[in-house]
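Report on the following structure.
Nothing in this text is a laboratory measurement; each read-out follows from the coordinates by a stated rule. Bear in mind that the values here come from a model prediction, so they are computed numbers and not experimental data. Methodologically, a virtual Cβ is constructed for each residue, glycine included, from the backbone with ideal geometry; neighbour enumeration extends over all protein chains shown.
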Amino acid sequence: MEEFEHELKQLIVETLNLERAPDEIAADSPLFVEGLGLDSIDALEIALAIKKRYGVSVKANDSENRQIFASVRTLAAYISANRRTQELP
């Protein structure tokens, strides 16, 4: 999972054109407000990149979005769980 978290950090940095290295983002640090300081537009951009790269959708009005986007770790867990579900025949 650590390798996937790093890949996801790289995706976030590239998608949002952040001026920091993926290694500077702690997997359990908050993505919004006091963490990376991301906002709702950033969340939409990340969600689109996740859909494009991993085929996993994050619904805009999902009540669990705060939990899903809480950190790189929670986002990675959500993608991993949903990739498996979507790949089943």
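Extension gain, residue 59 to residue 24, is 9.8 nm, computed as 0.36 nm per intervening residue step minus the present C-alpha separation. In a reduced charge model with +1 at each Lys and Arg Cβ and -1 at each Asp and Glu Cβ, the chain shows a dipole moment near 440 debye about its Cα centre. Bridgeable aspartates and glutamates around residue 59 (alpha carbons under 20 Å apart, same-chain partners fewer than 8 residues away excluded): 39, 42, 45, 87. Using C-alpha pairs below 8 Å separated by at least 6 residues, the relative contact order for the chain is 30 percent.
Output the peptides 63-70, 8-15 sorted from most to least packed, where packing is the average of other Cβ atoms within 10 Å over each peptide's residues. Please report the intermediate quantities before stating the final value.
Values: 63-70: 14.4, 8-15: 18.6.
Taking the mean over residues of other Cβ atoms within 10 Å, the ranking is 8-15, 63-70.
The percentage of C-alpha pairs in the stretch 2-87 whose separation is greater than 22 Å is 15%.
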